[in-house]
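S.K.: One structure is given below, represented as structure tokens, and several questions about it will come after.
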Amino acid sequence: MRQLIRASSTPIERHVKIKSETNIYDPQWETYFEKKQDRKWLNSLNGKKKVAAIWVRQIRICPICKQRFIPETG
């Protein structure tokens, strides 16, 4: 069975602009670009699947503080 995909069913994805004063080759901005790459990876489908797999494998418990992950704590 084929299904018609409507434009209204596609979620809107907002893009974050890169700050104008940044330089990818300047070590001062390294953490900025790492965080940007992390956000991009987590928002991708592949990233979400990997994070979900790790979450399930750890039985939804933080390996450091031994507390359960809940929506409020992230």
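The values are calculated or read from the model by the stated rules, or taken from the named source; none is laboratory data. Every value quoted in this text rests on a predicted model; they were computed, and no experiment measured them. Quick reminder, even Gly has a Cβ in these numbers, built from the backbone with ideal geometry, and neighbours come from all protein chains shown. With ligands, DNA and RNA removed, areas are computed over all heavy atoms of the protein, side chains included. Shrake-Rupley method; radii C 1.70, N 1.55, O 1.52, S 1.80 Å.
S.K.: If you roll a 1.4 angstrom probe over the protein chains with everything in place, what fraction of the accessible area of the chain belongs to carbon and sulfur, to the nearest %?
M.R.: Answer for the chain: carbon and sulfur cover 58 percent of the accessible area.
S.K.: Further, regarding this structure: Out of residues 5 or more away from residue 69 or on other chains, whose amide H comes under 5 Å of its own, with H placed 1.01 Å from N in the peptide plane?
M.R.: 61, 62
S.K.: Let me ask something else. State which stretch of the chain is the longest one without any exposed trypsin sites (Lys or Arg not before Pro), exposure meaning a DSSP loop state and at most 16 other Cβ atoms within 10 Å.
M.R.: 20-59
S.K.: I'd like the GluC sites (Glu not before Pro) in the chain restricted to DSSP loop residues with at most 14 other Cβ atoms within 10 Å, sorted by number.
M.R.: 13, 21, 72
S.K.: With every protein chain kept in place and ligands, DNA and RNA left out, what is the accessible area per residue of the chain? Probe 1.4 Å, answer in Å².
M.R.: I get 103 Å² per residue for this part.
S.K.: Turning to a different aspect of this structure: What Kirkwood hydrodynamic radius do you get for the chain when you take the inverse of the mean 1/r over all pairs of distinct Cα atoms, in Å?
M.R.: Hydrodynamic radius (Kirkwood, Cα only) of the chain equals 16.0 Å.
S.K.: Could you give me the ³J(HN,Hα) list for the range 19-26, computed from phi with Karplus coefficients 6.51, -1.76, 1.60 and θ = phi - 60°, whole Hz, x at Gly and Pro?
M.R.: Listing the rounded values in order: 4, 5, 8, 6, 9, 5, 8, 8 Hz.
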